[in-house]
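> Sending over a structure as structure tokens; questions will come in a sec.
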Amino acid sequence: MDSNKTYLSKAITLIESTLASHQQPAQELIMRCLPFSGKSIRIGISGSPGVGKSTFIESFGKFLFGKNYKIAVLAIDPSSNRSKGSILGDKTRMEELSSLQNVFIRPSPSSGTLGGVARKTREAIILCEAAGFDLIIVETVGVGQSETAVHSLVDFFLLLLLPGAGDELQGIKRGIMEMADAILINKADGENIAKAQIALAEIRNALHFFRLKDSEWSPVAELCSAKDSTGIPEIWDVVCRYIDQSKSTGYFEKRRIEQYMQTLYKSIEEALMTNFLHSPGISDGLNQMEARIKAGEISSYQAANELLKLYSK
């Protein structure tokens, strides 16, 4: 498995590469892996910074390791919009989990992608499944307006909140709450227990006002302490119940197909943008249009139309 993880790391590095010479072999690799993918359970985990996502994933992962699951964690790190660099520290924060034989942790820079989802996460999931991992966890940067991106990649979406989350609820968009299949109040331990129970009651009350999901699943809210590993078996039971229900109603397969269609259009969009930016004259034209927009000589819409005309020639 260690040698497999090394090969898997190299494969993901290849698909993440932006070098033109790597694009064709990367796509050939994905095509070869496709027949061996699609058999895992994919779980998305989100939450605001400081909520304890990495600690939760480590505790959750060790519990699942004890159940003989092979676990891949794709931890999407925040990247600088200027330098395109990232800290990539999740592997350090999940030190115990990363040392286990059947666990693979891959921190990937989000490279400024809206919602904190790395551009190649979809392909990385395929590679992990082909490598034999049967449970894929995607950790996002945090709660933002476009966490719909990670929702479009996974089967089950888990939102982590802190005790005292009643105030925090005001800053969380309703759409993110509606996307969640389960909401977990983490750090429900020690002096936080009373606050966590109040937050749990408030969240459960709020969930009553949300419309029933297409999956016909009613979102669940629970308490846990990743530090003490309490509530971990219970949340896994929730995941299993959701998967069983969605498969029995046919929603699981329907959702997977919808995700493949979303990937189709997203891939076309990305390919067109890449082709546009690398077309002759576009780089210089962009610089000129940016200067004219700043000078107030032309509107952004006019500039876009001029560049598209240049591209079409």
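Readers should treat all values here as calculations from the given coordinates under stated rules, not as data from a laboratory. Keep in mind that this is a model prediction, so the values were computed, not measured. Cβ: placed from backbone, ideal geometry, glycine included. Neighbour counts: every protein chain shown.
> Using a cut-off of 13 Å between beta-carbons, work out the net charge of the residues near residue 232 (Lys and Arg +1, Asp and Glu -1, residue 232 not included).
-3
> Quick one: which residues, 5+ away or cross-chain, put their amide H under 5 Å from the amide H of residue 223? H built at 1.01 Å from N.
185
> Just subtract the alpha-carbon distance of residue 292 and residue 36 from 0.36 nm times their residue separation and send over the number in nm, one decimal.
Between residue 292 and residue 36, full extension yields an extra 87.1 nm.
> Additional query: Which order do 39, 227 fall in if you start with the one that has the fewest other Cβ atoms within 10 Å?
In increasing order of surrounding Cβ atoms, one gets 39, 227.
> For 251, 7, 301, which order do you get if you count the other beta carbons within 10 Å of each Cβ and list the fewest first?
301, 7, 251
> What is the calculated FRET efficiency for residue 258 to residue 299, with r their C-beta to C-beta distance and R₀ = 30 Å, to the nearest 0.05?
0.25
> Another question, if that's okay. Among 247, 53, rank each residue by its count of other Cβ atoms within 10 Å, from fewest to most, as a rough exposure measure.
Fewest-to-most ranking of 247, 53: 247, 53.
> Starting from the 7 Å offset along Cα-to-Cβ, what nm value, one decimal, do you get for the label separation of residue 18 and residue 311?
With each label placed 7 Å out from Cα toward Cβ, I get 1.7 nm.
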